[in-house]
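Peer 1: One structure, as structure tokens, below. Some questions next.
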Amino acid sequence: MLALLIKRMLTSIPVLLVVATLTFFLMRAVPGGPFDADKNLPPAIVANLNAKYQLDKPVAQQYVIYLSRLAKGDLGISYKYINRTVSDILSEAIPVSVQLGFTALLLAVIIGVPLGTLAAVNRGSWLDVTAMFISTAGISVPGFVIGAFLIFIFGIWLKVLPVALWESPWHMILPSLTLAFSPAAYLARLTRASVLEVLEKDWVRTARSKGLSHWATVLKHTLRNALVPVVTVLGPLTAILITGSFVVEYLYAIPGMGRFFVTAVTNRDYDLIMGTTLVFAAILIVTNAIVDVAYQVLDPRMKVEG
Amino acid sequence: MTASIDAGLEPVKAVSRVELAFTRLRKIPSAYFAFWVVCLICLLAILSALGVPLSPYSFDQATDDLLVGPSLKHLMGTDELGRDLFARVIYGSRLSIAIGFVTAGVAFLLGTTYGAISGYCGGKIDTLLMRGVDIAYSLPDLLVMILVGVLVGKGTFGILFALGLVSWMGTARLVRAQLLQLKEEEFVEAAKASGQDGFTIVMKHLLPNAMGPIIVALTFTVPSAILSESTLSFIGLGLSAPECSWGTLASDGWRSLRSYPHLLGFPSLFIFMTVLSFNCLGDGLRDVLDPRTRLFKG
């Protein structure tokens, strides 16, 4: 298992390099630079700024400069947030986004898996029909609608919860719920389908005929097997939660990575775009590696080749 | 002689695959209802694109009623310039629905071609083509769309480019998997033996047999494109005024949520209804056309 993890980490370096290269040339290939928005700057000053940040050099040379800095762990500086390095911004933004993402993931699992299991066990009942309608509706609602709805109910109408910024645990409730909503719905659908399939297996019938209680059968013999597909999607789901956080961070004015990424892209803040993209890619690689390890714990028959 | 044999048999009516699918779809109430809602919304979008006046007001006509709530005169109220929201939502359906269908079209053309080449050729070509898709597919869609869409340029073209770029990969994987399986069938061997070339075999024998799952996948592509467009427009990275889609309307409405919730509520309701209908229709079609991969049983 340790060997698998080490191998995963080593193969991730070329992947990160590819991501860095693609993003770098994509950014430079399109018109517009970081100082275009400041319309009032005289051309001489823009030229000086470009020279200061070495943006006047050929793109290939800039790429080499960037990579050699990156190899030393220097992510560069932001052109828009004056005097702040990218590492500085990221070190504040990453914990916020990770907190938000994991709270939402936890909520989604806590809500989605039991809902899906209950629906499958009581197949065809009103509980099943209601749960499935809610979850189909749940994957059909844009995140901003859920967010706006929650803000309107709890923030504006009832005035019980704060609707912006990221300061106390109270601030975390609405954003995490917003972010968790559609993954929870998705997990409920997936869990239901998976549990239904496992419930038809022979070993479940055997467990029943041994006289095992209903819930013991469901929890011990069905759920563990039914959760394998659920674990499979947790990796991509974490990715969805990170990207979903663009919207949630925008809605609730949360200073996380999604927010910095969106403003960086709009401002052509090259180094900040690179920094956030690389962090996103690294998070994806790590979550996928964790999922592969989790597979083996859940189902030792599965041999994962790194 | 023949007459006496015929007399004993029920006349059998030939049923096309489309008819058969439709008959089965009718038996799933939620999907059948969703089908008609989808038809209705598409009809609204088409009529509005053809310039048929569906509302007493035009989408950019300012009236004297500024920021009024829903009433008989203005079904969904008006915005800060006195423009009738109902007229704007109907007009906005044009762009939102078009983006959904164009994206599905791109996904179909690109994805089917790529997947068919990969699946039919197999071997090294397949490994190479699919490795590329695997890497790109693992990146979160919204991340790629923001990066590409904004850099290509805001506006309809930029967003279609971004949506097209991320949406074909799922179809490509699906078509490849289907073809890998189908090309081992005997009718393909027969076609090869009769001297047909690869292109004909793919077009005439393989793809028609893979159409069911492809149609199901495309039914889910439309709502996800509509969702992505509205989300991007909402955070200010998609379409913006003077373009008018459900996403831009929702984005405008968000700024005045505190005082005038109807401005966000009605466009959101339309996005929700449309996406929900497409998803229900997709679930139904999956049961009808592609029973092996269905997520729901019973």
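Peer 1: Could you report the buried accessible area between B and A, both sides summed, computed with a 1.4 Å probe and given in Å² to the nearest 100?
Peer 2: 3600 Å²
Peer 1: Per residue, how much accessible surface does the stretch A:158-269 expose to a 1.4 Å probe? Answer in Å², no decimals.
Peer 2: Heavy-atom SASA per residue in the stretch A:158-269 reads 42 Å².
Peer 1: Continuing with the same structure: Going by Cα centres, the stretch A:118-132 and the stretch A:1-29 are how many Å apart?
Peer 2: 43 Å
Peer 1: What value, in deg cm²/dmol to 500, does the helix sum -39500 (n - 2.57) over DSSP H runs of n ≥ 4 give at 222 nm once divided by the residues of chain A?
Peer 2: Rounded to the nearest 500, the figure is -24000 deg cm²/dmol.
Peer 1: May I have the count of lysine pairs in the stretch B:122-259 with C-alpha atoms under 17 Å apart, counting pairs 8 or more residues apart or located on different chains?
Peer 2: 4
Peer 1: Have a look at A:260, A:152, A:102 and tell me which one the Gaussian network model of chain A (Cα, springs below 10 Å) gives the largest fluctuation.
Peer 2: Highest fluctuation of the listed residues: A:152.
Peer 1: May I pose another question? Which value, to two decimals, describes the C-alpha radius of gyration of the protein assembly as shown once divided by 2.2 N^0.38 Å?
Peer 2: Cα Rg divided by the expected 2.2 N^0.38 Å: 1.06.
Peer 1: Next up: Specify the longest stretch of chain A that does not include any exposed loop site, a site being one of the GluC sites (Glu not before Pro) with a non-H, G, I, E, B DSSP assignment and at most 11 other Cβ atoms within 10 Å.
Peer 2: It runs A:1-166.
Peer 1: Starting from the Cα of residue A:52, draw a straight line to each of the aspartates and glutamates and keep only those under 19 Å, dropping any in the same chain fewer than 8 residues away.
Peer 2: A:36, A:38, A:74, A:269, A:271
Peer 1: Would you list, by chain and number, the aspartates and glutamates whose Cα falls below 18 Å from the Cα of residue B:73, excluding same-chain residues fewer than 8 positions away?
Peer 2: Output for residue B:73: B:60, B:64, B:65, B:84.
Peer 1: I need the phi-derived Karplus couplings for the stretch B:149-164: 6.51 cos²θ - 1.76 cosθ + 1.60, θ = phi - 60°, integer Hz, Gly and Pro marked x.
Peer 2: x, 5, 6, 5, x, 5, x, 4, 5, x, 6, 5, 4, 5, 5, x
Peer 1: Express in whole angstrom the spacing between the alpha-carbon centres of the stretch B:205-250 and the stretch B:78-118.
Peer 2: Going from one Cα centre to the other spans 6 Å.
Peer 1: To continue, here is another question. For the pair residue B:193 and residue B:14, what calculated FRET efficiency results from E = 1/(1 + (r/R0)^6), where r is the Cβ-Cβ distance and R0 = 30 Å, to the nearest 0.05?
Peer 2: 0.55
Peer 1: Out of residues 5 or more away from residue B:83 or on other chains, whose amide H comes under 5 Å of its own, with H placed 1.01 Å from N in the peptide plane?
Peer 2: B:63
Peer 1: Say each of residue A:282 and residue A:4 gets a label point 7 Å from the Cα, pointing the same way as Cα to Cβ; how far apart are those two points in nm?
Peer 2: Computed distance between label sites residue A:282 and residue A:4 equals 2.4 nm.
Peer 1: Within 10 Å of each candidate Cβ there may be at most 11 other Cβ atoms; applying that plus a DSSP loop requirement, which GluC sites (Glu not before Pro) in the stretch B:121-186 survive?
Peer 2: Those that pass, being in a loop and sparsely packed, are B:184.
Peer 1: Which whole-Hz ³J(HN,Hα) couplings does the stretch A:251-256 yield from phi under the Karplus relation 6.51 cos²θ - 1.76 cosθ + 1.60, θ = phi - 60°, glycine and proline marked x?
Peer 2: Karplus-based 3J(HN,Hα) across the stretch A:251-256 equals 4, 9, 6, 9, x, x Hz.
Peer 1: Residue by residue through the stretch B:224-230, which ³J(HN,Hα) values in whole Hz follow from phi under the Karplus form 6.51 cos²θ - 1.76 cosθ + 1.60 (θ = phi - 60°), with glycine and proline marked x?
Peer 2: 5, 5, 4, 4, 5, 4, 5
Peer 1: Moving on. What are the trypsin sites (Lys or Arg not before Pro) within the stretch A:27-59 that DSSP puts in a loop, where the Cβ has at most 16 other Cβ atoms within 10 Å?
Peer 2: Passing sites in the stretch A:27-59 are A:39.
The values are calculated or read from the model by the stated rules, or taken from the named source; none is laboratory data. Note that the structure is a prediction, hence the values are computed from the model and not measured. Virtual Cβ from ideal backbone geometry, glycine too; neighbours counted across all protein chains shown. Just the protein is used for accessible areas: all its heavy atoms, side chains included, with ligands, DNA and RNA removed. Shrake-Rupley method; radii C 1.70, N 1.55, O 1.52, S 1.80 Å.
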